[in-house]
Amino acid sequence: MSSLGSFTSPELAAGTGTWDLLVPFGSVEQHGPHLPVDTDIRIAKMVADLAAAEVTDAIVSPALAFGAAGEHAGFSGTLSVGTVTAAAVIVEIVRSAGPEWRSITIVNGHGGNREAVRIAVQRCGSEGRTVRSWWPTDRGGDAHAGFTETSVMLAISPDDVRVAAMEVGVTEPVSELFEQLRAEGVRAVSPNGVLGDPTNASASAGRLILKRWVAELVADLLSVRQQDCAAGSVVDMSGDMNS
């Protein structure tokens, strides 16, 4: 496992043009009564770490903890910098990156960051810089603090899941709730903050989900080495998970 903080500047310079940087991007927001508010950060970081462990010369940066979580306003613990600021942070990171990096991939764990990432990728592309994005998919899964995220958290941090506090939330597909979510926020749709049903979640299911996500990210990273990445291109692996 390669962490950016474990390298010196000369060591990185010696490998100029060979390193692939993974930047975990999460959010600090409510995840129902049973998951910690840094769930998205933990998941994005874990996926990035496990993928980097399988890909030579892949390095994981410290996570970007604060994202665009305005849809979770009104729930205690939610902290958001908004879409414009989140996008600007990504742009500045990419602008500052030197020639030591062969590629930069934003490993996003929060659906609310989608627009920020899109804006950042587009802006970087217009400036001739390249950044990619990767999103966890769970087609057919639930959206927020439900079976998917709870299962993954049971796999990676079981002591931090309040199993006794699990509650079913709103179980309609997010596609049917999207307009209300965008207009009124999560609290108006789901008073307990859950979009899905976590009550049948399990660590074994979480390990399988995590394994699939890591395999997808690894495949994407390897593809960078097999073809030139067009400036500003996006590898968007996003599915139904809203986070």
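The values are calculated or read from the model by the stated rules, or taken from the named source; none is laboratory data. Nothing here was measured: the structure is a model prediction, and the numbers come from that model. Glycine gets a Cβ as well: all are built from the backbone with ideal geometry, and neighbour counts include every protein chain shown. Remember, those area values only see protein heavy atoms, side chains included, never the ligands or the DNA or RNA. Shrake-Rupley method; radii C 1.70, N 1.55, O 1.52, S 1.80 Å.
With every protein chain left in place, what is the accessible area of residue 20 in Å² (1.4 Å probe, nearest 10)?
Ignoring ligands and nucleic acids, residue 20 comes out at about 0 Å².
With runs of 4+ DSSP H residues as the only contributors, calculate the mean residue ellipticity of the chain at 222 nm using -39,500 (n - 2.57) per run, divided by the residue total and rounded to the nearest 500.
That calculation yields -12500 deg cm²/dmol at 222 nm.
Please report Rg (one decimal) and Dmax (integer) in Å for the Cα set of the chain.
Considering the chain through its Cα atoms, Rg and Dmax are 17.6, 53 Å.
Using the heavy atoms of the protein chains alone and a 1.4 angstrom probe, what is the accessible area of region 101-145 per residue in square angstrom?
Ligands and nucleic acids excluded, the figure is 34 Å² per residue.
Can you give me the relative contact order of region 52-93 as a percent, contacts being Cα pairs under 8 Å and 6 or more apart?
30 percent
So if each residue of separation counts as 0.36 nm, and I subtract the Cα-Cα distance between residue 18 and residue 167, what length gain in nm does that give?
Net length gain for the segment: 49.0 nm.
Pick out which of 113, 200, 192 has the largest mean-square fluctuation in a Gaussian network model of the chain, springs linking Cα atoms closer than 10 Å.
200
Solvent-accessible area of residue 56, probe 1.4 Å, all protein chains present, reported in Å² to the nearest ten, please.
Residue 56 exposes around 100 Å² with every protein chain in place.
Treat every Asp and Glu Cβ in the chain as -1 and every Lys and Arg Cβ as +1, leave all other atoms uncharged, and give the resulting dipole magnitude about the Cα centre to the nearest 20 debye.
Roughly 380 debye for the chain.
Top mean-square fluctuation among 183, 88, 145, Gaussian network model of the chain, C-alpha springs under 10 Å?
So, out of 183, 88, 145, the one fluctuating most is 183.
Calculate, for residue 159 and residue 11, the FRET efficiency according to 1/(1 + (r/R0)^6) with r their C-beta to C-beta distance and R0 25 Å; round to the nearest 0.05.
0.10
In a Debye calculation with equal point scatterers on the alpha-carbon sites of region 159-207 and no solvent, what is log10 I(q)/I(0) at q = 0.25, 0.29, 0.30 Å⁻¹?
-0.93, -1.07, -1.11
On a 0 to 90 degree scale, rounded to 10, what angle separates helix 203-224 from the longest Cα axis of the chain?
30 degrees
Tell me the relative contact order for region 11-155 as a rounded percent, counting alpha carbon contacts under 8 Å between residues six or more apart.
29 percent
Take residue 188 and residue 3, extend 7 Å from each Cα along the Cα→Cβ direction, and tell me the distance between the two endpoints in nm.
The answer from the label model is 4.2 nm.
Once the whole set of protein chains is in place, how much accessible area is left on residue 75, using a 1.4 Å probe, in Å² to the nearest 10?
Accessible area, nearest 10 Å²: 20 Å².
Give me the percent of accessible area attributable to carbon and sulfur for the chain, probe 1.4 angstrom.
54 percent
With angles folded into 0 to 90 degrees, how steeply does helix 39-54 sit against the dominant principal axis of the chain? Use alpha carbons for both and round to 10.
40 degrees
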